[in-house]
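Please read the structure below before turning to the comments.
Any read-out appearing in this document is the output of simple, stated calculations on the displayed coordinates, not a laboratory observation. Fair warning: this is a prediction, and the values are worked out from it, not measured in the lab. Cβ coordinates were reconstructed from backbone atoms using ideal geometry, including for glycine residues, and neighbour counts include every protein chain displayed.
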Amino acid sequence: MQNRGPYYLTTAIAYTSGKPHIGNNYEIVMADSIARFRRKEGYEVFFQTGTDEHGQKIELKAQEAGVTPQEFVDNVAGIIRGMCDMLNISYDKFIRTTDQDHEKQVQKIFRRLYEQGDIYKGAYEGMYCTPCESFWTESQLVDGKCPDCGREVKPAREEAYFFRMSKYADRLIEHINQHPEFIQPVSRKNEMMNNFLLPGLQDLCVSRTSFKWGIPVDFDEKHVVYVWLDALTNYITGIGYDAEGNSTEQYGKLWPANLHLIGKDIIRFHTIYWPIFLMALGEPLPKQVFGHPWLMMNGGKMSKSKGNVIYVDDLVDFFGVDTVRYYMLHEMPYDNDGNATWELIAERANSDLANILGNLVKRTISMSNQYFGGIVADRGAAKPEVDDDLKAVAVGAYAKVVEKMDSLRVADALTEVFAVFRRCNKYIDETEPWVLAKDESQRERLSTVLYNLVEGIVIGASLLEPFMPNTAERIAAQLNTKLRDFDQLEVFGLYENDNRVTDQPEILFARLNMKDVTKREEEVTEKLALELKPSQAGHEEPETADNAMDIPAKAEITYDDFAKLQFQVGEIIACEAVPKSKKLLCSKVKIGSQVKQIVSGIKAYYSPEEMVGKKVMVLVNLKPATLAGVLSEGMLLCAEDAEGNLALMKPEKDMPAGAEVC
């Protein structure tokens, strides 16, 4: 493979406030698939990830745990790195912001920016959000709450250093306009331009005095460097940047980064603050920042306080590494949030991995052993009208996968890989090897058919390697061959003639029994509840006197948006449990002269008998969906408290079924 030069890829560094859930792990798996793919294309990839370890939140959590901040972050950083290794992440460097060389460079950067007039000393008075470690003005709050997380903010005033953001705003706007690929997807770019840059930037607080767990400002040691200036600079300090002009050869080779892969919730810091810091330092901007969507659970953002989190070690222990990798990569849309549940992962594992891939490999190897003693050979008995399409799909897959990966549509790229395996399965149905085996005159044709299948599987497995590396290697081992370089994937027929496959085909993915899946999920959920219960006090935001609670604010909508939704009062006239689910109830709901069938995940809170006769609020014009094999034609509205308990929303007074909720 031709050397295509350096490729520098980073993830956001994980905050060491606690163990990350699967929604946090998605990013590192996506980045790993990109890194592995670029390596196979011939790039000299440098893949950096790591941990963000300073800040007031860490200091408070360490106090609660009765340990020093350094002891606290050492423990959590070890957990995070262990999870990366568990997921088979091929990072080249794992940076920690408590690394001495990083801390030294952050101090140099801060001093340089101060000496050249980009940072000045002042005082900050505003509303402060401790979880986000962010100051806000009154005008920036949303319903009096933090615009990022929706939590309470408190008045705060302290001496601080500030960065002159407005000095570079016009230059950044020009860069974004001239480089449309810089912020992706486009929706993220539009959000940054319209909501932050074009209205005008305020100067940014870049130091704190109200806590000590941070990198000291070396010329004013009662100040510590604000977490974002500290954390963001890891992308250059990790590869040898020096603010005094003595950067390493590695830095000159790798910077600017080809890709910063981050979550959509921190897009502002990476596409506004970070580029402006780089402009002030006289360094080029990264080539692209991609803000990926979130991986949700049952349609809601994962939260430890709600107990609706899934941890990757629990999933890997039950499903295996590559099944978890496959689900995260395949089920995350390009620009919309994905969804994860134990049931969904199991269904995808059975349908795609066990049926399409695992069964294909096992059948092919078994037939090769049964009919030819494991010897695979092309005997030249081709039938172009049957064989040519299989070959075309196999050799055409590489270009399609490259196209998807170049636009970071990883889920679509993986779909193209599986198109090869699907086509191989179809080829088995078309050629019917078991029928050919009954006719001695078709022996050469049978051998050629099995050769074509093995060749197609090898091409597919070679494309699969960046996404599911262990599985790809296991397939190659069973076929007694090596995975191919990408420059060999557009030629059909490279599998060595008269090679012998294994005589004991391995089951790559066993079909999962859904009862076993549900049982394990319940065990894990119970374990999580026990772990969280004793730690709730002191870790959650205090309740207000009237027992109110706050949730993260969503984006504002217009009246026209609201008017598209049709809410009506419904009367439940029948209800029963959904047989294949321990969570779902199926209700017959009378709405005016119609009766709709609605499936709801409320079995833990209501029995079918309790539901009958209730007047409830219904979202009527929701697109129908099938849940656990049952059609659902709407949604019952519920309220949810901080513990995840649900209560149906009912009209205050008796209203007829069909009355409009407006």
Taking alpha-carbon centroids only, the stretch 449-478 lies from the stretch 1-78 a number of Å equal to 30
Of the listed links Lys189/Lys596; Lys426/Lys482; Lys19/Lys264; Lys212/Lys253, those spanning more than 31 angstrom between alpha carbons are Lys189/Lys596; Lys212/Lys253
Expressed in angstrom and rounded, the centroid-to-centroid distance over alpha carbons for the stretch 486-517 and the stretch 83-136 is 46
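What does the helix-only formula give at 222 nm for the chain: each DSSP H stretch with n ≥ 4 adding -39500 (n - 2.57), the total divided by the residues, and the result rounded to the nearest 500 deg cm²/dmol?
Per the formula, -12000 deg cm²/dmol.
Mind ranking 28-38, 415-425, 167-177, 596-606 by how tightly packed they are, going by the mean number of other C-beta atoms within 10 angstrom, highest first? Don't skip to the answer; put the middle values down first.
On the way: 28-38: 23.5, 415-425: 21.0, 167-177: 14.9, 596-606: 19.3.
Final packing ranking: 28-38, 415-425, 596-606, 167-177.
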For 54-60, 315-321, ranked highest to lowest by mean beta-carbon neighbours within 10 Å, the order is 54-60, 315-321
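Taking N as the number of residues in the stretch 149-293, what is its alpha-carbon radius of gyration divided by 2.2 N^0.38 Å? Mind showing how you got there, number by number?
Working: Rg = 16.0 Å, N = 145, 2.2 N^0.38 = 14.6 Å.
Output field value: 1.10.
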The chain: antiparallel bridges as % of DSSP beta bridges, rounded to 5, reads 70
One point scatterer per Cα, no solvent, Debye formula: log10 I(q)/I(0) for the chain at q = 0.05, 0.06, 0.11 Å⁻¹ comes out as -0.29, -0.42, -1.22
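Could you tally the net charge around Gln63, taking each other residue with its Cβ under 15 Å from the Cβ of Gln63, Lys/Arg +1 and Asp/Glu -1? Can you show the working numbers first?
Numbers: positive: Lys57, Lys61, Lys212; negative: Glu59, Glu64, Glu71.
Around Gln63, the surrounding residues sum to 0.
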